[in-house]
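A quick write-up on the structure given underneath.
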Amino acid sequence: MKYTISLFIAFTGFYLASEHLGQKIGEYWDFVAFFVVIFGTIAVLLMSRPVTSFKSLLSLFFQKFISGSPSIKKYAQNCWEVSLNKEPLKDPRTIEEQLLNDGLELVSLGFSKEKTLDILEQRYHHFENQLMLLSAWLKRNAKYPPAFGLAGTVLGLIHLMRGISTGIDSKETGLRMAVALVATFYGLILSNLFLNPMGEWLIEEAKKDQQKCEMALETIGMLMDGVNIVEAQERLNSFLNPDERLNNLGFQTEATAT
């Protein structure tokens, strides 16, 4: 959601700028520039993709971009309910939700606490490695769209020079020059508004996932230790900011008392 809102803000800025210049968005469209930049970037992405399942990478990306994940406070509430009811979450969509259900399954199978937490940690680290591979892949290839944009600009300049040699007028010369520069614009947009920010965004998502996965491990550990619900709530609150802390038992916390 945060990334989508940021894209909306950026494109709103471009739209307002073009309106101020008295230009329509359609004037920035060019067939040659678009396909040189887009197809060139896709080719490089395919050539340099990580040595892992391409299907799993796409699935991971769409899971993060479309499905999203619960907030820290919402996930803490889920953890508390699992520790209270000892029942799995319905329809788990994210790694942190799946870890809770996997932990309950391992407990039911009779695994020791040490082995259970070790298995859950390994499953999270595998997910984290996949996420870091995806992030690095996007960031690594962010340098190529401007290069393909420059290639498109060169093609446009070649077209311009040939036109000048045949005697085109000044109006046509300016138009072809503008079209040639559109390719560089596409390359800069693709690199600095999509690939690089997506890579950085995935890194931030990984940090949030790590905190939630630590909360999941804590929950399973508390469940196996037979911790009471009061202690469970307070230990989960250790992962939250003061204004986000759970108060499911109706206690007046120090923050609310003051």
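Coordinate-derived values only; no laboratory data. Quick caveat: nothing in here was measured; it's all calculated off a predicted structure. Positions of Cβ are generated from backbone atoms using ideal geometry, with glycine treated the same way; all protein chains shown enter the neighbour counts.
Taking the alpha-carbon centroid of each part, what is the distance from region 1-67 to region 69-137 in angstrom? Result: 32 Å between the Cα centres. The gain in end-to-end length when the H20 to L150 segment is fully stretched comes to 44.2 nm, 0.36 nm per residue minus the alpha carbon separation. Normalised by the number of residues in the chain, the mean separation of alpha-carbon contacts (under 8 Å, six or more apart) gives a relative contact order of 29 percent.
What fraction of the Cα pairs in the chain, stated in percent, has a spacing above 24 angstrom? When all Cα pairs of the chain are counted, 62 percent exceed 24 Å. So for the chain, taking the charge dipole from beta-carbon charges (+1 Lys/Arg, -1 Asp/Glu), which of G40, A136, G199 sits furthest toward the positive end? Positive-most Cα among the choices belongs to G40.
Order these peptides, 93-106, 17-30, by their mean beta-carbon neighbour count within 10 angstrom, highest first.
93-106, 17-30
Taking the Cα atoms only, what angle lies between the long axis of helix 72-85 and the longest principal axis of the chain, rounded to 10 degrees? Orientation of helix 72-85: about 30 degrees from the principal axis.
Taking the C-alpha atoms only, the angle from helix 170-189 to the longest principal axis of the chain is near 20 degrees.
With a cut-off of 12 Å between beta carbons, the residues surrounding K90 carry a summed charge of -3, where Lys and Arg count +1 and Asp and Glu -1.
Can you tell me how region 87-195 classifies by the Cα gyration tensor, rounded, prolate or oblate, using a/c under 1.5 as the rounded cut? Cα axes put region 87-195 in the prolate bin. Using only the Cα atoms of region 1-99, build the gyration tensor, take square roots of its eigenvalues as a ≥ b ≥ c, and label the shape rounded, prolate or oblate: rounded if a/c is under 1.5, else prolate if a/b is larger than b/c, else oblate. Cα axes put region 1-99 in the oblate bin. Using a simple spin-label model with pseudo-atoms 7 Å out from Cα toward Cβ, A10 and F62 lie 2.2 nm apart. Among 81-92, 137-148, the peptide with the highest mean count of other Cβ atoms within 10 Å heads the list, and the full ranking is 137-148, 81-92. Rounded to the nearest 20, the Cβ-based charge dipole of the chain about its Cα centre (Lys and Arg +1, Asp and Glu -1) stands at 1040 debye.
For the residue pairs K64/K86; K55/K207; K24/K171; K90/K113, the C-alpha atoms sit more than 20 angstrom apart in K64/K86; K55/K207; K90/K113. Between L84 and Q210, the simple label model (points 7 Å from Cα in the Cβ direction) yields a spacing of 3.1 nm. Here the sum of -39500 (n - 2.57) over DSSP H runs of 4 or more residues, divided by the residues of the chain, equals -24000 deg cm²/dmol at 222 nm, to the nearest 500.
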